[in-house]
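In what follows, a structure is listed as C-alpha cells, so that the remarks can point back to it.
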Amino acid sequence: MTLPDTDWQEALAPHLPAGVRSLVWDVDSDPREALGDDADHVAYVVLPYMHPAGALETVASLPALRLVQTTSAGYDNLLDRLPDGVRLANGAGIHDASTSELALALALAKLRGLDDAVRDAEQGAWRPVQRRALADRRVLVLGTGGIGGAIADRLEPFEVDLVRVASTARSDERGRVHGVDELPELLPTTEVVFIGLPLTDATRGMVDAAFLAALPDDALVVNVGRGPIVDTEALLAELRAERLHAALDVTDPEPLPADHPLWGAPNVLIAPHVGGNTTAMRPRALKLLRTQVERLVAGQDPLNVVIG
C-alpha cells in the first residue's frame with residue numbers, strides 16, 4: 001500500500017498484518033520512478049487529503065491496484081478519474097466529529113453575533129445586543145448519514161425542535177425522518193437549516209431560489225456539505241436583501257476568490273473549508289486504514305466502497 005506521507009507510515013506500520021508493507025510515494029511523480037519494482041505490487045493507494053484528484057492521474061499505471069482510498073468524505077471530484085476496474089472507498093466516518101463540531105460552532109457564532117463582536121473588538125466598541133439562542137429554534141438537518149447524523153447527535157443538548165430530512169421518508173432509532181419531497185411543507189417553519197449532504201446529481205443545486213424563498217425571514221443556512229448544493233446567486237440575493245443569514249464552510253466556487261461578492265455580503269460568516277481538518281482526523285483515519293488492510297488481507301470487501 002502507499003500512504004500520503006512518512007508520518008502516517010510510521011504510525012500505521014506497527015499495526016499492519018504480516019506480509020504487508022507500506023510505502024510513501026509522491027503522487028505527483030511517476031510511480032515507477034518513485035517506487036521502482038515495488039510499483040508492480042501496490043494494491044491499495046491512500047490519496048493525500050488535500051490533493052486527491054490530482055493524485056489519481058498517476059495511479060492508473062499500477063498493475064496490481066485494487067482499491068483507491070480517499071480520506072475525505074466527498075468524492076465527487078474523483079468520479080471521472082478513477083482507473084477502470086479499480087474500486088474507490090471514501091473516508092466516511094473520519095470527519096464526522098470534526099465537521100459536526102464546526103457546523104454547531106458556525107450556527108452558534110452566527111446566531112449569537114460573534115462575528116459582529118469580533119469586528120466590534122477591532123474598534124474597541126462595546127455593543128451589547130440581544131441575540132437569538134439556538135435553544136427553542138426549529139432546526140432542520142439535511143442528511144442523516146455520517147455528518148448529518150453527527151450534527152443531529154450534537155444538537156440533542158441544545159433544546160431544539162429537530163427535523164431530519166433524507167432522500168426518502170422512514171423511521172429509525174431517533175424517530176421520524178422526512179423525505180425531501182416534504183421540504184415545501186417543512187421549510188416555512190424552519191429557523192435553522194444544516195446541510196450535511198454529499199454532492200451528487202440529486203443534491204447539486206438542491207438549495208435553490210425556491211428553497212431559500214420558502215424559508216421564513218431571518219432563517220439561518222449552515223452549509224458544511226459541499227458548495228454546489230447551494231445556488232450561490234440565489235443565496236447572494238437573499239443575503240443582499242438581508243432577509244436570510246448564512247454560515248458557510250463550503251462555497252461555490254471554491255476556493256472563494258478574493259473579489260467574490262460573497263465576501264462582502266451582509267449576514268454571512270465564511271470559513272475556508274476546514275470542517276474536517278482537525279486533530280480528530282488522524283486517529284480516525286488511521287483506524288479506518290488499518291481496518292481496510294485487514295479486510296483486504298482476509299479476502300473481505302473493504303468498507304466505504306462508493307464505486308466498484
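At-a-glance table
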{"read-out": "Where the chain is the region considered: accessible area per residue in Å², 1.4 Å probe", "value": "48"}
{"read-out": "Alpha-carbon radius of gyration plus Dmax, which is the widest Cα pair, for region 253-297 in Å", "value": "17.9, 54"}
{"read-out": "DSSP-defined antiparallel bridges as percent of all bridges, the chain, nearest 5", "value": "15"}
{"read-out": "Candidates Ala247, Ala234, Ala202, ranked by Gaussian network fluctuation over the chain, Cα under 10 Å, top entry", "value": "Ala202"}
{"read-out": "Summed residue charge, Cβ within 10 Å of Asp153's Cβ, Lys/Arg positive, Asp/Glu negative", "value": "0"}
{"read-out": "Region 95-270 - share of DSSP beta bridges that are antiparallel (%, nearest 5)", "value": "10"}
{"read-out": "Candidates per GluC sites (Glu not before Pro) in region 40-122, loop by DSSP, up to 15 other Cβ within 10 Å", "value": "Glu57"}
{"read-out": "Carbon + sulfur, % of accessible area of the chain - ligands and nucleic acids excluded, 1.4 Å", "value": "50"}
{"read-out": "Helical mean residue ellipticity (222 nm; -39500 (n - 2.57) per DSSP H run of 4+; nearest 500) of the chain", "value": "-8000 deg cm²/dmol"}
{"read-out": "Test item: Cα-centred dipole of region 95-270, Lys/Arg +1 and Asp/Glu -1 on Cβ, debye", "value": "280"}
{"read-out": "DSSP-assigned coil residues among GluC sites (Glu not before Pro) in region 139-226, each with at most 10 further Cβ atoms within 10 Å", "value": "Glu173"}
{"read-out": "Between region 81-139 and region 145-180, the alpha-carbon center distance in angstrom", "value": "18"}
{"read-out": "Mean Kyte hydropathy of -0.5 or more with a Cα span along the axis of at least 18 Å, helices from DSSP in the chain", "value": "96-111, 281-297"}
{"read-out": "Total charge dipole magnitude, the chain, about the Cα centre, Cβ charges on Lys, Arg, Asp, Glu only, Debye to nearest 20", "value": "780"}
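The values are calculated or read from the model by the stated rules, or taken from the named source; none is laboratory data. Worth saying up front: this structure is predicted, and the values here are computed from it rather than measured. As a convention, Cβ positions derive from the backbone with ideal geometry for all residues, glycine included, and neighbour counts pool all protein chains shown. In case anyone asks, the SASA skips ligands and DNA or RNA and just uses the protein heavy atoms, side chains included. Shrake-Rupley method; radii C 1.70, N 1.55, O 1.52, S 1.80 Å.
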